[in-house]
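To keep things clear, I will list the structure first and then write my remarks on it.
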Amino acid sequence: MTAAKKKAPIARTPAPPRQRHDRADDYLGWLAKAVTPHHAVAVCADVLERAGFQPQLLAGNFEPRPGDRRYVVHPDGKSLIALVIGERSPVDTGFALIGAHTDSPDLRLRLNPVASSAGALQLTTQLHGGLIRRSWLDRPLGLAGVAYEVVRDRHGAPTFHPVTGVPVLLRRLLRIDEPIAIIPDLAIHLDRDKNDKGGINPQNQLNAVLAGGDLEQPEVLRLLSTRAGLDLDRVDGFDLHLVPVQKPMRAGIDGSLIVGGRHDDLAMVYAGLSALLESVEDDPNPVRTRVAAFFDAEETGSLTSSGAASNFLRDVLVRITRRHPATDSAADAEQAFAHTVCLSADMAHAQHPAHPELHDKQHAPLINRGVVLKANTNDRYATTGETGALFTALCEAAGAPIQDFVMRQDLACGSTIGPITSASLAARTVDIGCPMWAMHSSAETMGAQDLDSMVDVMRTFFAGRKA
């Protein structure tokens, strides 16, 4: 590039005025139901079915037809892929792909969770992901997740599937939306240094008190069973989470802030889901296939059967491509990935008003000032110069403001499903998000306007241009 042609650094300017859609109230209601990855997937499935999407069994035959609306739930119930099948083969068009994750840092029960200490009955916990420990103290908690029961014959023996030989299980979603437990903090009189040091030991300081007094374990199980609506004595396995019972809400003098748990990353699941549904309203018969993929276990590295590092997404996309009626029999399904573009959507760190120095001055996103483009030269994010330019163009087309985020070079950078998906599919990928405060707290804060902007950009991405 010659000196005459060299451009000045790009200055992000507000996008042209546009008509606003306030989706925050809808998101609040959706988030209040999506209390665990299992519930998030169930809520997504319900919304999709009401919009005309049909369930597709992962173990079934894929027979896609242009205009079909399908969704696939992983057998573990924590990951989901939704698709709108395009007119042309993905070999020619690639996929328009948005990815996000269903899990959030939280407290989950141990295998033998009921214990006692100092006259109090407790539920013992284990940490999922890098949660802010102190944010879980003194907060009324409910219980939610999934319980499994082995199907037994009339003699009480386990039954087995006649073909696979695997024991047959009943799976039940469970939620106790009542303040049945609390994790009490220690009085400052007993720990005078807590405001200066304040360390929380996860082994014994994050166990939730169920009751104080003379209740015995059988009575506790009976009470829990009544509230849960199933006999916990008959449960053979479970994945149960403690859940703050306080509902997500608007905050701020103008109501422009959204406060609640699990914005990271259910806000992006909601945005991707909403964009997909709105894109169907705009154009029910797209040229290219649109995909929204929501994975579990991002907070712990994605190395699970349904995480972004699994073959779940790749297998579904390959099967869709092979069976698409417009795919030439001589084509290789993997050709589709050369044309695929992926938006990896995960929340971003907004500059904190009490700690502005923790952001690079030129890369400090602000709440309600626009969506965030995230980049990292050590590949913690998947953004490249090319994919960053693509996303900038999408924001321009959507009339949505855009901000940049690069982590301070003296602080460690987190990661997303972006690099994993990019490596698995060899597809062009960009990492994006909405700015937020208190990421990984039990009560996080984001902006209503940013959520609106993100849905608009994703909707524009899905719309594309008919070839």
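The figures follow:
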item: Test result for ARG262, of a type in the set (Lys, Arg) and touching a Lys or Arg at 6+ places or on another chain (Cβ under 8 Å); result: no
item: Subset of segment 367-389 [in a loop (DSSP other than H, G, I, E, B), out of contact with any Lys or Arg (no Cβ under 7 Å at 6 or more places or on another chain) and not hydrophobic (A, V, I, L, M, F, W, C)]; result: ASN368, ARG369, GLY370, ASN376, THR377, ASN378, ASP379, ARG380, THR384
item: Test: residue in segment 339-362 that is part of a helix (DSSP H, G or I) and under 28 Å from VAL41 (Cβ atoms); result: no
item: Residue within segment 397-413 that is under 17 Å from LEU97 (Cβ atoms) and of a type in the set (Val, Ile, Thr) present; result: no
item: Condition broken by THR327, with the remaining ones in (1) crowded, with 22+ Cβ neighbours inside 10 Å; (2) of a type outside the set (Asp, Glu); (3) farther than 16 Å from THR429 by Cβ satisfied; result: (1)
item: Among the residues listed as GLY52, GLY119, GLY99, GLY130, the single one being under 25 Å from CYS434 (Cβ atoms) and surrounded by fewer than 18 Cβ atoms within 10 Å (Cβ to Cβ); result: GLY130
item: Lone unmet requirement of (1) in a loop (DSSP other than H, G, I, E, B); (2) more than 22 Å from the chain's Cα centre (by Cα); (3) touching a residue at least 12 places away in the same chain (Cβ under 8 Å); (4) more than 23 Å from ARG408 (Cα to Cα) for ALA330; result: (3)
item: Filter result for the condition that a residue is at pLDDT 95 or above, among the basic types (Lys, Arg) and assigned by TED's automatic domain parsing to the domain that holds ALA51, over ARG65, ARG133, ARG139; result: ARG65
item: Wholly enclosed strands (runs of 3 or more DSSP E) of segment 392-467 bearing at least 3 residues under 20 Å from SER256 (Cα atoms), assigned by TED's automatic domain parsing to the domain that holds ALA292 and touching a residue at least 40 places away in the same chain (Cβ under 8 Å); result: 435-437, 444-447
item: Strands (runs of 3 or more DSSP E) within segment 80-198 that include 1 or more residues among the hydrophobic types (A, V, I, L, M, F, W, C) and free of Cβ contacts under 8 Å to residues at least 24 places away in the same chain; result: 106-117, 169-181
item: Residue match in segment 29-37 (condition: at pLDDT 95 or above, closer than 30 Å to SER310 by Cα, part of a loop (DSSP other than H, G, I, E, B) and not hydroxyl-bearing (Ser, Thr, Tyr)); result: yes
item: Criterion: hydroxyl-bearing (Ser, Thr, Tyr), surrounded by fewer than 19 Cβ atoms within 10 Å (Cβ to Cβ) and without any contact (Cβ under 8 Å) to a residue 40 or more places away in the chain - qualifying residue of THR377, THR384; result: THR377
item: Residue check, VAL163 β-branched (Val, Ile, Thr), surrounded by 13 or more Cβ atoms within 10 Å (Cβ to Cβ) and farther than 15 Å from ARG110 by Cα; result: no
item: Single residue of segment 417-444 satisfying the filter (buried (at least 22 other Cβ atoms within 10 Å of the Cβ) and among the hydroxyl-bearing types (Ser, Thr, Tyr)) that is nearest to ARG250 (Cα to Cα); result: SER442
item: Listing of strands (runs of 3 or more DSSP E) fully contained in segment 218-322 that carry 3 or more residues being within 28 Å of GLU178 (Cβ to Cβ); result: 237-244, 249-251, 257-260
item: Matching residues in segment 423-440 - criterion: being on the phi < 0 side of the Ramachandran plot and more than 18 Å from the chain's Cα centre (by Cα); result: ALA423, SER424, LEU425, ALA427, ARG428
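Residue-wise test of (1) in the same structural domain as ALA443 (by TED's automatic domain parsing); (2) surrounded by fewer than 23 Cβ atoms within 10 Å (Cβ to Cβ).
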| position | (1), (2) |
| --- | --- |
| ASN201 | no, yes |
| GLY229 | no, yes |
| HIS241 | no, no |
| LEU276 | yes, no |
| VAL287 | yes, yes |
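Conditions (1) modelled with pLDDT of 90 or more; (2) among the small types (Gly, Ala, Ser); (3) touching a Gly at 6+ places or on another chain (Cβ under 6 Å); (4) within 30 Å of ALA42 (Cα to Cα), marked per residue:
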site	(1), (2), (3), (4)
ARG152	yes, no, no, yes
THR159	yes, no, no, yes
ARG171	yes, no, no, yes
PRO179	yes, no, no, yes
ILE188	yes, no, no, no
ALA208	yes, yes, no, yes
GLY213	no, yes, no, no
GLN217	no, no, no, no
ASP239	yes, no, yes, yes
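The values are calculated or read from the model by the stated rules, or taken from the named source; none is laboratory data. Quick caveat: nothing in here was measured; it's all calculated off a predicted structure. Virtual Cβ from ideal backbone geometry, glycine too; neighbours counted across all protein chains shown.
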